[in-house]
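Down below is the structure, laid out as structure tokens.
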Amino acid sequence: MRVSTQDLYLGAYILSKGGSLEEVKLTEGRGGRPSVSFIFSGPEVETLSRQFQTGKANTNISSFKAAMIHLKDIMFSTLRASGE
């Protein structure tokens, strides 16, 4: 299964629960500015996404924080590499 999102919080939740970051894509966002999309894979990513979106998410805060820092680093590196 795969889930694509631009939401850092959702991405960090999926990573903190064992999802794998499969791909990072640079896309056109609002006003023509670049935006980063994260694509996650794993057997539970769709379930994790639903849990997050329905307010039923529960994770270890240390794992969540580490995942958030990791995704931000990737996002900013991707944006810098694009010249933005």
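The values are calculated or read from the model by the stated rules, or taken from the named source; none is laboratory data. Not measured: the values here are computed from a predicted model. Heads up, the Cβs are rebuilt from the backbone with ideal geometry, glycines too, and the neighbour counts pull from every protein chain shown. Just the protein is used for accessible areas: all its heavy atoms, side chains included, with ligands, DNA and RNA removed. Shrake-Rupley method; radii C 1.70, N 1.55, O 1.52, S 1.80 Å.
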Given charges of +1 on the Cβ of Lys and Arg and -1 on the Cβ of Asp and Glu, with all other atoms neutral, how large is the dipole of the chain about its Cα centre, in debye to the nearest 20?
-> 200 debye
What is the chain's relative contact order, in percent, from Cα pairs under 8 angstrom and six or more apart in sequence?
-> 38 percent
Among Tyr13, Thr27, Gly55, whose Cα lies farthest out toward the positive end of the dipole of the chain, if unit charges sit on the beta carbon of Lys, Arg (+1) and Asp, Glu (-1)?
-> Gly55
For the chain, which trypsin sites (Lys or Arg not before Pro) are in a loop by DSSP, counting at most 14 other Cβ atoms within 10 Å?
-> Lys56
Anchor Lys65: aspartates and glutamates whose Cα lies under 19 Å away (excluding residues fewer than 8 positions away in-chain) = Asp7, Asp73
With every protein chain in place, the chain: carbon and sulfur % of accessible area (1.4 Å) | 49 percent
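What's the magnitude of the charge dipole for region 42-84 around its Cα centre, counting Lys and Arg as +1 and Asp and Glu as -1 at the beta-carbon? Answer in Debye, nearest 20.
Working: 5 positive and 4 negative charges, 30 e Å.
About 140 debye.
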If one puts a single equal scatterer on every Cα of the chain and applies the Debye formula without solvent, what log₁₀ I(q)/I(0) results at q = 0.10, 0.18, 0.25, 0.26 Å⁻¹?
-> -0.24, -0.73, -1.20, -1.26
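Mind listing which GluC sites (Glu not before Pro) in region 1-78 are in a DSSP loop and have 16 or fewer other Cβ atoms within 10 Å? Please list the in-between numbers first.
Values: sites: Glu22, Glu23, Glu28, Glu44, Glu46; in loops: Glu44.
For GluC sites (Glu not before Pro) across region 1-78 that sit outside H, G, I, E and B with at most 16 neighbouring Cβ atoms in 10 Å, the list reads Glu44.
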Spelling it out for Ser35: with amide H atoms placed in the peptide plane at 1.01 Å from N, the residues 5 or more places away or on another chain with amide H under 5 Å from its amide H are Thr27, Glu28, Gly29
